[in-house]
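Written below as structure tokens is the structure these notes are about.
The values are calculated or read from the model by the stated rules, or taken from the named source; none is laboratory data. These numbers come from a predicted model, not from an experiment. Cβ: placed from backbone, ideal geometry, glycine included. Neighbour counts: every protein chain shown. Remember, those area values only see protein heavy atoms, side chains included, never the ligands or the DNA or RNA. Shrake-Rupley method; radii C 1.70, N 1.55, O 1.52, S 1.80 Å.
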Amino acid sequence: TGALKMVWIIARELAVTAALAFVLACLVQMLRAPTGIPPATAPVESSASFLAADLQAARENPYPRSVVVTANQANNFLAARLSPGTSEGWPPVTFARAFVVPGNGDVIFRVQQAYLGLPVYLSLTLVPEHSNGGTTAKIIAGKIGRLPVPDFLLPKFAASFDPTFGALRGPADWFGSAESIVVTPEGATVNWRGKTH
């Protein structure tokens, strides 16, 4: 009986140690910065305005039009439209910036925040889906730092981006009206069919 009790105590201690190690590893991964982070730069308002004008003109054009948006242009636009700030409540959350990292057919949308002074990157991987009604973005993955978000938590995690997406509702409508969006590591080509089609 004493031997069994000793085995049980050792097994319990090992389980607690393993659980703590797992939690610590998750926290470390959450706080690790992902790869491919573009440098933070001051926004150029004129370039952001020109891009907005080009997108709106292409959307309203009676004939088919395409606009190529580079990653730098998209990130400058986001920097010009989203201002850093700190939320109320505890713990205070400081929004630093949002940016995109385009890939082959998908785009990573990242929000850089700070919790108690610690930088944290929240990421959604989006894939454009096309239909007769336009283009929508399908969420296929999420991450906190380098820690993947489990699929069953993805809808709730994606909801944390609602304030950011809400501030971008106008530009989102421009892209939503596109017939197709082709994403490459250099950026995206946005195609409209034209008002007469």
(Q) Cβ-Cβ under 6 Å, sequence separation 6+ or interchain: first residue in segment 114-126 and touching a residue at least 40 places away in the same chain (Cβ under 8 Å), partner among the β-branched types (Val, Ile, Thr). Which pairs? (A) SER123/ILE108
Q.
Residues that are open to solvent by less than 40 Å² (accessible area, probe 1.4 Å), over 20 Å from ALA159 (Cβ atoms) and not aliphatic (A, V, I, L, M): does segment 106-117 have at least one?
A. no
Q) If we keep just the residues of segment 157-176 that are among the aromatic types (Phe, Trp, Tyr) and part of a helix (DSSP H, G or I), which is farthest from MET30 (Cα to Cα)? A) TRP174
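What is the residue count in segment 151-197 for residues that are hydroxyl-bearing (Ser, Thr, Tyr), open to solvent by 40 Å² or more (accessible area, probe 1.4 Å) and either modelled with pLDDT of 90 or more or within 23 Å of ALA96 (Cα to Cα) (or both)?
Qualifying residue count, segment 151-197: 4.
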Q. Residue check, ILE139 against (1) open to solvent by less than 40 Å² (accessible area, probe 1.4 Å); (2) at negative phi; (3) modelled with pLDDT of 95 or more, all met but one. Which one?
A. (1)
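GLY36: closer than 19 Å to LEU147 by Cα, assigned to a loop (DSSP other than H, G, I, E, B) and either among the hydrophobic types (A, V, I, L, M, F, W, C) or out of contact with any Asp or Glu (no Cβ under 6 Å at 6 or more places or on another chain) (or both), yes or no?
Numbers: closer than 19 Å to LEU147 by Cα: yes; assigned to a loop (DSSP other than H, G, I, E, B): yes; either among the hydrophobic types (A, V, I, L, M, F, W, C) or out of contact with any Asp or Glu (no Cβ under 6 Å at 6 or more places or on another chain) (or both): yes.
So GLY36 passes the test.
Look at SER83 and say whether it is of a type in the set (Ser, Thr, Tyr), open to solvent by 80 Å² or more (accessible area, probe 1.4 Å) and under 26 Å from TRP174 (Cα atoms). Break it down stepwise before answering.
On the way: of a type in the set (Ser, Thr, Tyr): yes; open to solvent by 80 Å² or more (accessible area, probe 1.4 Å): yes; under 26 Å from TRP174 (Cα atoms): yes.
Criteria met by SER83.
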